[in-house]
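Any read-out appearing in this document is the output of simple, stated calculations on the displayed coordinates, not a laboratory observation. Because the structure is predicted, anything quoted here is derived from the model rather than measured. Ideal geometry is used to build each Cβ from the backbone, glycine not excepted, and the neighbour counts take in all protein chains shown.
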């Protein structure tokens, strides 16, 4: 079946602009995660959605970052007033239930802020 | 504070050799320990995972060794192949939140 998809695959933007990154999880997966991976670094947790529960936003680095998940499926990560330090690969993952289940990752969106 | 510490940062192994990557954690509430493999330009993919009720899990050439008392776990890749060259991440999970190590870049020389 189809895996996790993300769009765009690459995004170049100017400092101060807003960007939206999209994630389509695997159908039927109730858990969805966003991570940030800086060059040569590990994965930094950003936000977690589970079903209709309130999301765990504890990893969002600033109030410029927000995310939503519509209808329990597609998720959008929005970065407002982008800064150069926001340049990274943004990865989305989904899992069947989130309770220690296998996470399936998308290919990521490579964001470059000039 | 880094929840999961991974070493080494990079590793060079000859074809046919054994690759060993180590991770350590502090939170005893972690109950799921996966390893992910990531190729350039791709997202991480689950390689093998273990829960703390067993000390070892083997899948093909890949083995996780788990030491609960030492709060350490490691990935062993037997008969390493050039196709194993990738970045490997360990992770630890408590219910629904995952903490990743900083990654090990493995290069298997032919």
Take peptides B:27-38, A:11-22 and line them up by average Cβ neighbours within 10 Å, highest first, as a rough protection proxy.
B:27-38, A:11-22
For residue B:55 and residue B:10, extending 7 Å from Cα along the Cα-Cβ vector and measuring point to point gives, in nm, a value of 3.6
Inter-chain shielding metric for B:25-34, i.e. average beta-carbon neighbours from other chains within 10 angstrom, reads 1
For the pair residue B:46 and residue B:18, how long in nm is the line joining their label points, each one 7 Å along Cα→Cβ?
2.7
Pairs of Cα atoms under 8 Å, at least six residues apart: use those to get the relative contact order of the range A:1-108, whole percent.
36
Selected from B:80, B:65, B:55 as most flexible by GNM, with chain B as the system and alpha-carbon contacts under 10 Å:
B:55
Semi-axes of the equivalent ellipsoid for the range B:6-76, please: Cα gyration tensor eigenvalues, times 5, square-rooted, ordered largest first, whole Å.
21, 14, 13
Shielding score for B:93-105, defined as the mean number of other chain Cβ atoms within 10 Å
5
Expressed as cubic angstrom per residue, what is the convex hull volume of the alpha carbon set of the range B:42-87?
90
Just want the ordering: A:48, A:104, from fewest to most Cβ atoms lying within 10 Å of their own Cβ.
A:104, A:48
How large is the Kirkwood hydrodynamic radius of chain A, counting all unique pairs of alpha carbons, in Å?
14.0
Need one value for B:37-44: mean number of C-beta atoms belonging to other chains within 10 Å of its residues' C-beta atoms.
5
So for chain B: antiparallel DSSP bridges make up what percent, rounded to the nearest 5?
90
